[in-house]
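Colleague: Dumping the structure here so I can ask a few things about it.
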Amino acid sequence: MKPPAFAYRAPESLQEALSLLADHGDEAKVLAGGQSLIPLLSLRLARPTVLVDLARIPGMASISESDGWLVMGSMVREGHAERAPLVGRLAPLLSAALPFIGHPAIRSRGTVGGSLAHADPAAELPAVALATDAQLVATSAARGKRTLPAADFFRGFFETALETDEILTEIRLPPLSEGTGVCFQEVARRHGDFAMVGLAASVRLANGTIADAHLALTGVAPQPIRASEAELALIGASPTKAVFEEAGQLATRGLTPPSDLHGSSGYRTVVAQVLVRRALRVAALKAGADYEELDSGRGDLR
Amino acid sequence: MSLSAKGLSTDEIFQVELTVNGERREGAVEARKTLADFLREDLALTGTHLGCEHGVCGACTVLVDGEPARSCLMLAVQARGSAVLTIEGLAQKGELSSLQQSMWDNHSFQCGFCTPGFLMQITALLEQSPNPTEGEVREALSGNICRCTGYQSIVKGVMAAIASSNPKDVS
Ligand SMILES: Cc1cc2nc3c(=O)[nH]c(=O)nc-3n(C[C@H](O)[C@H](O)[C@H](O)COP(=O)(O)OP(=O)(O)OC[C@H]3O[C@@H](n4cnc5c(N)ncnc54)[C@H](O)[C@@H]3O)c2cc1C
Ligand code: FES
Ligand code: FES
């Protein structure tokens, strides 16, 4: 359980880091918080020749607001984001999801950018990025900056749109519209484990009906997915039990979640349906839906 | 491009200077050496235990600049310039910290292998929030594994330490 030998650099500028990546291509790997990469090295599942540590580059861990958007450097630690009041105010869905990641000692080192770049199929933050229509900024020495919508960023099992010479440098989350409620829910075997199924949800109400809904599931496919069919069906509907129940069915239509020793595909499907129902209820209440109207009808939605 | 052409080598030796338990310490390491192995092998601080060596058991937890960190998931080179607190730094002048004493009094360990990690994790929690609820304590400890105690005595020891340092809250 010891990492293999590798060359190491901790550049003090982004330029220097980018040129190391440009020189070494897929032999090089970025080291952010190390909470996924170092276990992979120790288990010898990854064998990069060069590690480029981003921790000493100034300015990559800043959190700020720009025109109502939350703008974060990719090296913001998960624990720092969790405690940052600005994140709570501008991106409540992100704040709600962060405590589900591992344990305090993981979040104190792990970074927001690292989690997105790693793209674990059961990770929380990719679902949040997808549900919030986040924009991810990738930078390379050769091509400069490009901005990717989260919908184009996650490409598959541990796979993103990042090229080997690119660093994810910035994450931008758009402002929430008036009347929006959010909710993050997940089911895991033990607290701190990766989700068996997780869901990032937001609902916007206007005049008592659903004007917009975003649902992103994690743990049910090789990459996080938006439940577009369910989202469409929700628009214009009233926030009621029956509507949310139906959304749960639609959200899992055509999905074949993975089976493993923690849960079968069928089990994960049912869990996803229940999470959709529950999270929509909480999000709608936060958006100002009427408690009684919402809870009238049959079935237990808590 | 080849490594050597860029002045890089996989067996380069790095100087590591950091503060451990309030003292300046230094060493020379390969990049691949974890902070845990550096503490244990180079600094002879063997109180930091290694269980799984891939981040899941919490035995190796230390504080880095005041925050809990798995020392098996951090390279010694990443800790350059940091202030590290290990289990050896908890007792002052041979006297156990109140948390240590309380865990002793409540039989919060049997074999003791996991204990340094638990103590460091709780020390970090109490620094951030001095009067946590039992739920918050359990949540903070959820990343530390103990094969002996069944956890109840650990939680009891921690809650007793909290009660004794927040006397007004004892009812
Ligand atoms: C015990 C344990 C439990 C965990 N539980 C969870 C959990 O429940 N949910 C969860 O989501 N995660 C969990 N994690 C993983 C944790 O969230 C990691 O911190 C995260 O996945 C990776 O972030 P990092 O900063 O540590 O990245 P690293 O480990 O440093 O890097 C991960 C990968 O991303 C690449 N990378 C990192 N940053 C960038 C960048 N800016 N640009 C380009 N590439 C980059 C690296 O090259 C590497 O391939 C857990 C980890 C452990 C050890
Ligand atoms: S030895 Fe570090 S977490 Fe298990
Ligand atoms: S006391 Fe033996 S592992 Fe915890």
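Colleague: Tell me which residues, restricted to region A:148-157, are of a type outside the set (A, V, I, L, M, F, W, C) and either in contact with a Pro (Cβ under 7 Å, 6 or more places away or on another chain) or more than 16 Å from A:P126 (Cα to Cα) (or both).
Modeller: Looking only at region A:148-157, we keep the residues that are of a type outside the set (A, V, I, L, M, F, W, C), and these are A:149, A:152, A:155-156.
Scanning region A:148-157 gives a single hit, A:G156.
Colleague: Same structure, new question: Does at least one position in region B:137-145 carry a residue that is more than 16 Å from the chain's Cα centre (by Cα), open to solvent by 20 Å² or more (accessible area, probe 1.4 Å) and under 17 Å from B:N166 (Cβ atoms)?
Modeller: Checked region B:137-145: no residue is more than 16 Å from the chain's Cα centre (by Cα), open to solvent by 20 Å² or more (accessible area, probe 1.4 Å) and under 17 Å from B:N166 (Cβ atoms).
Colleague: Another one. Does region B:98-106 contain any residue that is within 16 Å of ligand 2 (Cβ to nearest atom), hydrophobic (A, V, I, L, M, F, W, C) and surrounded by fewer than 22 Cβ atoms within 10 Å (Cβ to Cβ)?
Modeller: Filtering region B:98-106 down to residues within 16 Å of ligand 2 (Cβ to nearest atom) leaves none.
No - not one qualifying residue is present in region B:98-106.
Colleague: Please state which one of A:P92, A:P121, A:P39 is over 21 Å from A:F158 (Cβ atoms) and either more than 14 Å from chain B (Cβ to nearest Cβ) or touching a Leu at 6+ places or on another chain (Cβ under 8 Å) (or both). Outline the logic, then answer.
Modeller: Values: A:P121 fails: over 21 Å from A:F158 (Cβ atoms); A:P39 fails: over 21 Å from A:F158 (Cβ atoms).
A:P92 is the lone residue from the list that is over 21 Å from A:F158 (Cβ atoms) and either more than 14 Å from chain B (Cβ to nearest Cβ) or touching a Leu at 6+ places or on another chain (Cβ under 8 Å) (or both).
Every residue, every condition in (1) under 21 Å from B:R70 (Cβ atoms); (2) in contact with a Lys or Arg (Cβ under 7 Å, 6 or more places away or on another chain); (3) at pLDDT 95 or above, yes or no:
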residue	(1), (2), (3)
A:K29	yes, no, yes
A:I38	yes, no, yes
A:T49	no, no, yes
A:P58	no, no, yes
A:G68	no, no, yes
A:V71	no, yes, yes
A:M75	yes, no, yes
A:H80	yes, no, yes
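Colleague: Given the conditions (1) open to solvent by less than 50 Å² (accessible area, probe 1.4 Å); (2) closer than 15 Å to A:T269 by Cα, which single one is not true for A:G208?
Modeller: (2)
Colleague: Give the number of residues within region A:108-124 that are away from ligand 2 (no atom under 16 Å from the Cβ), closer than 25 Å to B:D65 by Cα and outside any helix (DSSP H, G or I).
Modeller: Adding up the residues that qualify gives 1.
Colleague: Kindly indicate whether B:L75 is at pLDDT 95 or above, within 26 Å of B:V16 (Cα to Cα) and within 16 Å of ligand 2 (Cβ to nearest atom). Quick ask: steps written out before the conclusion?
Modeller: Values: at pLDDT 95 or above: yes; within 26 Å of B:V16 (Cα to Cα): yes; within 16 Å of ligand 2 (Cβ to nearest atom): yes.
Here the answer is yes, as B:L75 does meet what is asked.
Colleague: Within region B:107-124, which residues are more than 12 Å from the chain's Cα centre (by Cα) and more than 16 Å from ligand 2 (Cβ to nearest atom)? Write out each step before concluding.
Modeller: Initial filter on region B:107-124 (more than 12 Å from the chain's Cα centre (by Cα)): B:107-113.
Selection gives B:H107, B:S108, B:F109, B:Q110.
Colleague: Which residues, taken from region B:37-64, are out of contact with any helix residue (DSSP H, G or I) (no Cβ under 6 Å at 6 or more places or on another chain), within 9 Å of chain A (Cβ to nearest Cβ) and open to solvent by 20 Å² or more (accessible area, probe 1.4 Å)?
Modeller: Just the residues of region B:37-64 that are out of contact with any helix residue (DSSP H, G or I) (no Cβ under 6 Å at 6 or more places or on another chain), to begin with: B:37, B:39-44, B:51-52, B:56-57, B:64.
Filter once more, keeping what is within 9 Å of chain A (Cβ to nearest Cβ): B:37, B:52, B:56, B:64.
The answer is B:C52, B:V56.
Colleague: Taking the condition more than 16 Å from ligand 2 (Cβ to nearest atom), open to solvent by 60 Å² or more (accessible area, probe 1.4 Å) and free of Cβ contacts under 8 Å to residues at least 40 places away in the same chain, does B:Q92 pass? Let's see the steps before the verdict.
Modeller: On the way: more than 16 Å from ligand 2 (Cβ to nearest atom): yes; open to solvent by 60 Å² or more (accessible area, probe 1.4 Å): yes; free of Cβ contacts under 8 Å to residues at least 40 places away in the same chain: yes.
Yes, satisfied.
Colleague: Which number in (1) of a type in the set (S, T, N, Q); (2) open to solvent by 30 Å² or more (accessible area, probe 1.4 Å); (3) closer than 22 Å to A:P92 by Cβ marks the one condition that A:S202 misses?
Modeller: Result: A:S202 passes all but (2).
Colleague: B:G112 versus (1) among the small types (G, A, S); (2) surrounded by 16 or more Cβ atoms within 10 Å (Cβ to Cβ); (3) within 16 Å of ligand 3 (Cβ to nearest atom): which is the lone unmet condition?
Modeller: B:G112 satisfies every listed condition except (2).
Colleague: Tally the residues that are away from ligand 1 (no atom under 11 Å from the Cβ), facing chain B (nearest Cβ under 8 Å) and out of contact with any helix residue (DSSP H, G or I) (no Cβ under 6 Å at 6 or more places or on another chain), restricting the search to region A:42-58.
Modeller: Final tally of qualifying residues: 1.
Colleague: Do the conditions hold for A:L18, that is, is it in a helix (DSSP H, G or I) and either modelled with pLDDT of 95 or more or more than 9 Å from chain B (Cβ to nearest Cβ) (or both)? Give the steps one after another, and end with the answer.
Modeller: Details: in a helix (DSSP H, G or I): yes; either modelled with pLDDT of 95 or more or more than 9 Å from chain B (Cβ to nearest Cβ) (or both): yes.
When the stated conditions are applied, A:L18 passes them.
The values are calculated or read from the model by the stated rules, or taken from the named source; none is laboratory data. Here the structure is a predicted model, which is why all the values come from computation and not from measurement. Here Cβ is always computed from backbone atoms with ideal geometry, including for glycine, and neighbour counts include all displayed protein chains. When the accessible area is computed, the model is the full protein with side chains, heavy atoms only, and any ligands, DNA or RNA have been set aside. Shrake-Rupley method; radii C 1.70, N 1.55, O 1.52, S 1.80 Å.
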